[in-house]
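This report concerns only the one structure given below.
The values are calculated or read from the model by the stated rules, or taken from the named source; none is laboratory data. Computed from a predicted structure; not experimentally measured. Don't worry about glycine lacking a Cβ; one is built from the backbone with ideal geometry, like all the others, and counts go over all protein chains shown.
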Amino acid sequence: MKIPKEYLLLALVFAVSVLMRWYFISQNSVFFFFDQSRDAYVSRQIFEQGDIKIQGPSASGTQDTVYHGVLYYYVIGALYKIGQGNPAFVAHALSFFFSLSVVPLYFLSRDIFSSKRAAFLAVLLFCFSFESVLTNTWLSNPALAFPAIIVFFYCVYQVFFLSKTKWIPVLAIALGASHQSLVSTLFLWGVIVTSVFYAQNYSRTQKKGVQIFTVKHVVIFLLLYTAVISTMIVSQLLLMKNGIFTLEKLSAATSQHESSSLESSFEIMKAFIQKAGTSLYPTLPVLSFLCIGVIMLRFKMYSHSTKWFFLQWILSPLFLLIFHSRNSQHILVGLEIPLYLLFGHFLALLLRKKNGFIVCALFLFLFVFSNFSQLQKIRSTKRSDLWIERGALLSDQLKLIDRTYELAEGQPFSISSVTNPYLYNTTWAYLYDWYGKKKYGYVPVWYGNEQAGIFGEELLVRVEAPLSSHFNIKEPDPGVFDWMRKEIDDKIKPLKGEPKQKHDFGTIEMTYFGERE
């Protein structure tokens, strides 16, 4: 059977997407600190110990009163099982899976603009986008929302704008999967409401006043959606039963981060502008805004349904941000995608013009160059707005661990650490247990505060005094302050004297106390 050329080209674009993401995290260039080590530790318990989970990571800014869904833990738990605990393997596997987003993106663009050329250009932009590459290689639950949101909007267009009700089950699953991955994507319900309103009042494929959903459709949608988010419902009900989750506590937790209406509006506007400036040409923001300006000028030429669809997508985060503006960067994950669809169509129209190929090729070249340059910058500086800690990756951490074993010369040694969160040794307990034990056959002991109740508490044995070879690890800012560093120094120096050696791995500082100079 002959495979259509269209599908072969799409497969080639998929391969390019995979290669871009694999390159970015090659040589263990994976961000891995507390959140990632906690998730690795918890998710591995599912498949390695048979410890069934129904609760995902705590939602930031809710003081542990609200939790994300557990779907992320099951996905990465299976990958950690296959990869024998290796975070880099999990990041590579997820990037491969996320690259499949080119499929719904391609067909969505083709359906909206009736142009294969525009669709291929849109997915090419996705392939080389630094925003998408960064999100697709990020070991964090919001990253899993990325493909779910793309599938969700594909289904929204099929169901409400093309009246293809066969996509309703997929729509329900995609909506639930988005919430499982990132609870703040509850704002997508706003898209459902406005889409129903559009379909009932403006859609040319529907007779006015005729329900797009039959009772059967509604029942199927609600049953599937409820099934997908069922673990989240049970988790929150149990938290409510134990008095942990109440509206009063949630309100108190979120209000701690709230600002005035004017400040919130400014922060929201700032987040959207920053997203717009980096989505197309991150190193050339002026060119980004010029291109967005051209897209806006052309926007009025689109059909009513196309304008409605894109405005819904681009403005959808406002359904939540106007009530709670914190973590706007996470809420805007994937918002570059509608820009790529619109810009891809703009480039396709350019190709019809005289000398349009040259202009289009220039735009594409600058796009690839700008985004690749931004990725290189992140790789070299090891800094990103998505990451909390600055200047260190898994590659640096493994080099640090290798150095501790080298200095210990095969003998027992102890470690202490200054971390974010403070006094939580989860990251280093996990890395020594996974990497150090496998490579060197043993792990150090832990000299520091009691780790009972903290993730990874049993991975390292705690001792009351540092051993003859002792290493103190200090993680980078933010979250690690000078007084924290001084506190651990004041505790160790009376027992061990001045350190014999100091080493920097990225921005992680390691000091060695022992016999060897």
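Remarks
- Condition broken by Ser370, with the remaining ones in (1) assigned by TED's automatic domain parsing to the domain that holds Phe34; (2) more than 15 Å from Val30 (Cα to Cα); (3) among the polar types (S, T, N, Q); (4) surrounded by fewer than 17 Cβ atoms within 10 Å (Cβ to Cβ) satisfied: (4)
- Checklist (1) within 18 Å of Thr511 (Cα to Cα); (2) small (Gly, Ala, Ser); (3) within 31 Å of the chain's Cα centre (by Cα); (4) part of a loop (DSSP other than H, G, I, E, B) applied to Ala429, failing item: (4)
- Checked against the criterion of being assigned to a loop (DSSP other than H, G, I, E, B) and outside the structural domain of Val418 (by TED's automatic domain parsing), the candidates Val42, Val18, Val30 yield just one match: Val30.
- If you go through region 462-482 and keep only what is more than 17 Å from Tyr424 (Cβ to Cβ) and of a type outside the set (Gly, Ala, Ser), you end up with Val463, Glu464, Pro466, Leu467, His470, Phe471, Asp482.
- Selection of first residues in region 75-89 that are under 17 Å from Trp138 (Cα atoms) and in contact (Cβ under 8 Å) with a residue 12 or more places away in the chain and of second residues that are polar (S, T, N, Q) and assigned to a helix (DSSP H, G or I), restricted to Cβ pairs under 8 Å at least 6 apart or on distinct chains, gives the following pairs, ordered by first then second residue: Ile76/Ser43; Gly77/Ser43; Gly77/Gln45; Tyr80/Ser43; Pro87/Gln36; Ala88/Asn28.
So that you can scan it fast, the table gives a plain yes or no per residue for (1) touching a Gly at 6+ places or on another chain (Cβ under 8 Å); (2) within 21 Å of Leu431 (Cβ to Cβ); (3) among the hydrophobic types (A, V, I, L, M, F, W, C):
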| site | (1), (2), (3) |
| --- | --- |
| Asn28 | no, yes, no |
| Phe31 | no, yes, yes |
| Asp35 | no, yes, no |
| Ile52 | no, no, yes |
| Val70 | yes, no, yes |
| Val75 | no, no, yes |
| Leu79 | no, yes, yes |
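- Test: residue in region 128-151 that is under 26 Å from the mean Cα position of the chain (by Cα), assigned by TED's automatic domain parsing to the domain that holds Thr283 and more than 26 Å from Ala15 (Cα to Cα): no
- You will find that of Ala15, Ala11, Ala40, the residue that is buried (at least 20 other Cβ atoms within 10 Å of the Cβ) and of a type in the set (A, V, I, L, M, F, W, C) is Ala40 and no other.
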